[in-house]
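The values are calculated or read from the model by the stated rules, or taken from the named source; none is laboratory data. Remember, it's a predicted structure, so these values are computed and weren't measured experimentally. Every residue, glycine as well, gets a Cβ built from its backbone with ideal geometry; the counts of neighbours run over all protein chains shown.
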Amino acid sequence: MGIIRNNSGFTLIELLIVISITVILMLAASVLFMTFLISNSKVSSEQLIKQEGQYALNQMEFLLRNALEIIPNSSYQECESGMSEIKFLSIDGGITSLTKEEVDGKNKIASNSGIYLTSNAVEITNGPTFNCVQDNNQSHPYVDITFTLRKGTPGLDKDRDIVEETFTGSTTIRSL
């Protein structure tokens, strides 16, 4: 009587090949997933910078557009080029000042009313700069606003996690 052998099953080489292919596929899937997460994080940071910058720019333009009068700032500049602070008489009769202020180690765009136009999530790295121009005939002053916002800290965060954008806008003070 002969021995009956059951040849069903997998050989060791077949199992090693399947395991190797599975590991390669899992590595490829995890690389794709990590790439997606990193790019999603970068896009979120870019959107945050755009929202914060656009909000601050819109608020400054609105306040300046409706100002009753530009008055000398703390450096005694009234309507000059390259001002880091602009001061004006608001439509509510109060005096408003727009400038950069350091809060908790981060620079923010602030007004003297205690309102910050940027949050702790971003930092202002350049500006705000106000370039005010007024003709000799005392027409309505024209103000250019420029500032740069950054999310992330160089030297602390990876380069891919740092997002920086410059915002510019301009308005004519029409209430004068």
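Based on this model, can you work out whether I49 counts as over 28 Å from D157 (Cβ atoms), hydrophobic (A, V, I, L, M, F, W, C) and in contact (Cβ under 8 Å) with a residue 24 or more places away in the chain?
no
Do we find that L156 is more than 21 Å from Q59 (Cβ to Cβ) and of a type in the set (A, V, I, L, M) in this structure?
Yes.
Report yes if some residue within the stretch 158-169 is over 14 Å from the mean Cα position of the chain (by Cα), surrounded by 18 or more Cβ atoms within 10 Å (Cβ to Cβ) and under 20 Å from S90 (Cβ atoms); otherwise report no.
No, the stretch 158-169 contains no residue that is over 14 Å from the mean Cα position of the chain (by Cα), surrounded by 18 or more Cβ atoms within 10 Å (Cβ to Cβ) and under 20 Å from S90 (Cβ atoms).
Could you grab me the full set of residues in the stretch 121-176 that are within 16 Å of G105 (Cα to Cα) and among the acidic types (D, E)?
Within the stretch 121-176, just E123 meets the criteria.
Which members of the stretch 41-72 meet the condition of being of a type outside the set (A, V, I, L, M, F, W, C) and farther than 19 Å from S170 by Cα?
S41, K42, S44, S45, E46, Q47, P72
For residues that are surrounded by 15 or more Cβ atoms within 10 Å (Cβ to Cβ) and of a type in the set (V, I, T), scanning just the stretch 55-101, find the one that is farthest from S139 (Cα to Cα).
Only one residue fits best here, namely T99.
Give the residue, chosen from D104, D144, that is under 27 Å from K42 (Cβ atoms) and either modelled with pLDDT of 85 or more or surrounded by fewer than 19 Cβ atoms within 10 Å (Cβ to Cβ) (or both).
D104
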